[in-house]
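Engineer: Have a look at this one before I ask anything.
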Amino acid sequence: MTIWLTIGLWILAGLICGAVFAALIKTGKPVRRLVGSGVQGFCALAAVNVAGAFTGVSLGINLLTGACALVLGIPGIIGLLVIKAIVAR
């Protein structure tokens, strides 16, 4: 991966996180929403990995997937699955 692609992906990740945090603050209960989203994201990550025994599709548990599950929740896990499907081809 080139350095410019890496920089671009980090900028995109920062913009997405900024949009998520702006939406959390707008709800009026940002901590409760972040915790709820994180719990749902980790449950979705666990469900994907448990189902991976049957489907052959799983996500590794590391800093990236954990942060994505915490901040973005279920849509983040779905996004990681889509990215994995695109890159695997």
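Engineer: Got a number for residues in segment 72-89 being in contact with a Leu (Cβ under 8 Å, 6 or more places away or on another chain) and under 19 Å from residue 17 (Cβ atoms)?
Structural biologist: 3
Engineer: Could you give me the residue pairs with C-beta distances under 7 Å whose first residue belongs to segment 67-87 and is modelled with pLDDT under 85, whose second residue is surrounded by fewer than 17 Cβ atoms within 10 Å (Cβ to Cβ) and outside any helix (DSSP H, G or I) wherever it lies, and which are 6+ apart or on separate chains?
Structural biologist: none
The values are calculated or read from the model by the stated rules, or taken from the named source; none is laboratory data. Please read all numbers here as calculations on a predicted model, not as lab measurements. Note: ideal-geometry Cβ built from the backbone for every residue, glycine included; neighbour counts use all protein chains shown.
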